[in-house]
Amino acid sequence: MPDPIFQSEEHYRAAFVAGLENQLHTDQLGTFVLVLANSIYDPRIHAILGDRLQQRFCILSKQVRDLLIQGRSLEYADDDVPVFLKLMALGLENLQGTLFRRADPWEVQFNHLRAFRPARMSNMVVTELQAPFDANGFHFNKDFLRKEIIWEGELLGDHCRLLYNKFPFAPLHGLLVIGPEDNHPQYLERDAHEHYWQLLELLGKTLPDCGFGYNARGACSSINHLHVQMYASKTGGYPIEQRQWRHNGGGREYPLQVECFGAATDSWRHIEQLHRQNQAYNLLYRPGKIYVIQRTMQGGYMQQSGLSSFAWAETCGSVTTFNRSLFSQLEANEITAKLAMLRL
């Protein structure tokens, strides 16, 4: 039986929101941005936290402004200062909530705040799937991330840590790390793959609309520390899961090469082959299924301004834009063409 946090979507949502509430009591810019981003993404969360976010923003803005006036350094995490300064320039009242629409068969999302996200390594030109763990880079054992943990404990015999996604693009969006202190790089090994599969089989009994997204190195992973991205409450799933596609038994060809497996062993044989070929890929784990999406390495195609990097959610058919006009104008055939650009 999983931890009580995972026993229903209501339990998970309640713990998710409670953790955000707790973070509003800190004076850290990063935790404020995290709470704000999750609130802007989900109107149900914003209804609970919106007024307190405005109050906290005024307090933090005064602190930052006073430090700048005094010529003192801003003693905050390097990633967080430029994000918060942009928010101060924009004004919280001008920050737009996340919007969604269909461009059948695709999804389009306007995510204003995600435009401020540090790129880290997601925009680098990458040519190799495997690289050593970088202790000097961003990783999930940083002290300042302790406040960003939703839950930590044991799942299927392993120590796991679930952190908030600081700039979410999926419902109840977290980052799941198995054995964080082991410092595994973002390179999937068989035991981790099987653990993710088994874990989702377990969680799927109480959170049927949950899943894990995985970005291999070179497939727009921004952190070289082994993790998957967990979401919940995704009613209807992602476009890649629709029955119309050939990989699901339908007659329509998906723009990217996709294999769908119903067993961990079969999917691992395919992933292992991609490793041998140094082939970039994204994964979508769902209870009883896994989608393996082959794609060109990041840096091997031209990224359009105003669109997020094409990582697991995008290759699964959900495209995020930071530009309101582009959000309104993107048509299905354009999205299909953009996905096809990643095809080998």
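No lab work stands behind these numbers, since they all come straight from the coordinates. None of these values were measured; they are calculated from a predicted model. Glycine also receives a Cβ, built like all others from the backbone with ideal geometry; neighbour counts cover every protein chain displayed.
Could you derive backbone 3J(HN,Hα) for segment 186-197 from the dihedral phi with the Karplus parameters 6.51, -1.76 and 1.60 (θ = phi - 60°), listing whole Hz in sequence and x where the residue is Gly or Pro?
Working through the residues one at a time gives 6, 9, 6, 9, 4, 5, 5, 4, 5, 5, 4, 4 Hz.
Starting from the Cα coordinates of segment 6-157, work out the convex hull volume and express it per residue in Å³.
About 197 Å³ per residue, rounded to a whole number.
How far is helix 43-69 tilted, in degrees, relative to the longest principal axis of the Cα atoms in the chain, given as a value from 0 to 90 rounded to the nearest 10?
The angle comes out at about 50 degrees.
Compute the angle between helix 29-41 and the longest alpha-carbon principal axis of the chain, please, reported from 0 to 90 degrees and rounded to the nearest 10.
That works out to roughly 60 degrees.
So which lysines pass the test for Lys147, namely a Cα distance under 24 Å, with those fewer than 8 places away in the same chain ruled out?
Within the straight-line cut-off, Lys147 pairs with Lys62, Lys86, Lys166.
Calculate I(q)/I(0) for the chain by the Debye formula, one identical point scatterer on each C-alpha and no solvent, and give its log10 at q = 0.07, 0.09, 0.12 Å⁻¹ to two decimals.
One equal scatterer on each Cα of the chain leads to -0.28, -0.47, -0.87.
Nearest 10 degrees, 0 to 90: what angle lies between the long axis of helix 264-276 and the longest principal axis of the chain (Cα atoms)?
80
Mind sorting Ser328, Ser318 by how few other Cβ atoms lie within 10 Å of their own Cβ, fewest first?
The order, fewest Cβ neighbours first, is Ser328, Ser318.
Using Cα centres only, tell me the gap between segment 29-62 and segment 300-333 in whole Å.
Each part's Cα centre sits 26 Å from the other's.
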